[in-house]
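Input: one structure, supplied below.
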Amino acid sequence: MPGATLFFSTLMSDEARSIARGLEKRDPHLLDRLIERYQYRLFRYLVYVTGNRERAEDFFQETWIRVLERGHQYDGKSKFEAWLFAIARHLVIDWQRSKKPQSLDTLTDPDQEHPLQLANEDDPSPLHQVLSQEQEENVQASLERIPAIYREVLVLRFQEELQIEEMAGVLSVPLSTVKSRLYRGLQALREALRRGPA
Amino acid sequence: MSRRTHARAEELIAEERVEGISQAEREWLAAHIEECMLCADLARQTDQALRSLRTMAIPFPRGLASRTQFRVRLRAQELREREPKRRALWLACGVSWIFGAASAPYVWSLFQWFGQRAGLPKLVWELGFGLWWTIPALFAAAVLLMESSRKGEQADWISQGS
């Protein structure tokens, strides 16, 4: 088992280094592949942090432009997705700051909240169709009641399966803050699901 | 069962999912859950909440990936086109520095000759030479510093993720 873990971690770090080399050279084929590979995960993360699908689409494109421009700063020592999410997150924060210069952004202040808008009736995914409508609506409604700051850590930990240390890098906060947000987020999710749709 | 025991179980239920717990704690929790309906419910609700979160589908907009790939390619082309200009600028800077360093003794002699001819005190023409030599260099250094600090700010937040 430890052998397998070592094998996969070596494989991953080799891959990260090869991504770093490609980004350094601004390899267009690599970027195409990365966009395809991370499209769904990045978009999902952006929807969770912005709370809005249209805005998430804009940030999705901007994030990849930044990846192209700043690709040489990725050193390949960490997971590519953690670096990608950090770029996306900072774009969102910059936008929120420029929009409301006097206030803190929603990703640092849970009271400044955008409602989460996940539904897109015209474009159902296969999974969307498989899941029962009732369950889907219940989860959506519950997530809408959770502040973005908690939605973000929940998606990074339980959907993206990032380690707490990696999350601290993405969020630029200490480990203790990540943990406390995770516990509060988990509690908020549990309570929101228990209460059911509003 | 005391309230503290339930509180401990609640903590461990969350901790197990967030950062993991030790074998001894897992065994203690399993034994407690077998006896306590309330905590068993809480564990079930937590698992249900996480399952719901994991299976939550967000439809991906049609064409977004290809639109993005197109924009990225355009931007890459722009950057490639700009690259030779930047290289030429650095080359010009390098050549001018080399020329400046090589011509310094001659310029020094020129200042000395002019100072003597005009009857200026030595300190004045030396200061003149110093200014002639350092002001453009200081200006270039200031521009470079401003540029690198701007890049540094951008790089700072980007590298925080790595």
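Filtering region A:83-99 down to residues that are β-branched (Val, Ile, Thr) and in contact (Cβ under 8 Å) with a residue 24 or more places away in the chain, which residue is farthest from A:ARG55 (Cα to Cα)?
Looking at residues that are β-branched (Val, Ile, Thr) and in contact (Cβ under 8 Å) with a residue 24 or more places away in the chain, I get A:ILE87.
Does region B:125-148 contain any residue that is within 30 Å of A:ALA16 (Cβ to Cβ) and modelled with pLDDT under 80? It would help to see each step written out before you state the result.
Filtering region B:125-148 down to residues within 30 Å of A:ALA16 (Cβ to Cβ) leaves B:147-148.
The next check asks that each one be modelled with pLDDT under 80; those that pass are B:147-148.
Yes, there is a match, as at least one residue in region B:125-148 is within 30 Å of A:ALA16 (Cβ to Cβ) and modelled with pLDDT under 80.
Those residues that are open to solvent by 50 Å² or more (accessible area, probe 1.4 Å), assigned to a helix (DSSP H, G or I) and more than 14 Å from chain A (Cβ to nearest Cβ), I need them from region B:3-24; list them, please.
B:ARG3, B:ARG4, B:ARG8, B:GLN23, B:ALA24
Do the conditions hold for B:ALA104, that is, is it outside any helix (DSSP H, G or I), small (Gly, Ala, Ser) and open to solvent by less than 60 Å² (accessible area, probe 1.4 Å)?
So B:ALA104 fails the test.
With B:ARG82, B:ARG87 as the choices, which residue is within 30 Å of A:PHE43 (Cβ to Cβ), surrounded by fewer than 11 Cβ atoms within 10 Å (Cβ to Cβ), within 30 Å of the chain's Cα centre (by Cα) and free of Cβ contacts under 8 Å to residues at least 60 places away in the same chain?
B:ARG82
In addition: State which residue is nearest to the other protein chains (Cβ to nearest Cβ) when the search covers only region A:170-184 and only residues that are within 16 Å of A:TRP83 (Cβ to Cβ) and buried (at least 22 other Cβ atoms within 10 Å of the Cβ).
Across region A:170-184, the extreme among qualifying residues is A:VAL170.
Taking region A:149-188 on its own, how many of its residues are part of a loop (DSSP other than H, G, I, E, B) and either β-branched (Val, Ile, Thr) or in the same structural domain as A:LEU84 (by TED's automatic domain parsing) (or both)?
Here the count works out to 1.
A further question on this structure: On the basis of being surrounded by fewer than 16 Cβ atoms within 10 Å (Cβ to Cβ) and part of a helix (DSSP H, G or I), does B:LEU53 make the cut?
For B:LEU53, the condition - surrounded by fewer than 16 Cβ atoms within 10 Å (Cβ to Cβ) and part of a helix (DSSP H, G or I) - is not met.
Which condition number does B:CYS36 fail, the rest of (1) open to solvent by 20 Å² or more (accessible area, probe 1.4 Å); (2) away from every other protein chain (no Cβ under 11 Å) being met?
Condition (1) is where B:CYS36 drops out.
Would you point out the residue of region A:75-85, among those that are facing another protein chain (nearest Cβ under 7 Å) and under 19 Å from A:ARG41 (Cα atoms), that is most open to solvent (accessible area, probe 1.4 Å)?
A:SER78
Let me ask you something else. Any idea how many residues of region B:56-79 are more than 7 Å from chain A (Cβ to nearest Cβ), open to solvent by less than 60 Å² (accessible area, probe 1.4 Å) and among the charged types (D, E, K, R)?
0
A further question follows. Can you tell me which of A:SER103, A:SER98, A:SER125 is open to solvent by 10 Å² or more (accessible area, probe 1.4 Å), small (Gly, Ala, Ser) and at pLDDT 60 or above?
Answer to the check: A:SER98.
The values are calculated or read from the model by the stated rules, or taken from the named source; none is laboratory data. These numbers were taken from a predicted model, which means no experiment stands behind them. Neighbour counts are summed over all protein chains in view; Cβ atoms, including those assigned to glycine, are modelled from backbone coordinates with ideal geometry. Only protein heavy atoms, including side chains, enter the accessible area calculation; ligands, DNA and RNA are left aside. Shrake-Rupley method; radii C 1.70, N 1.55, O 1.52, S 1.80 Å.
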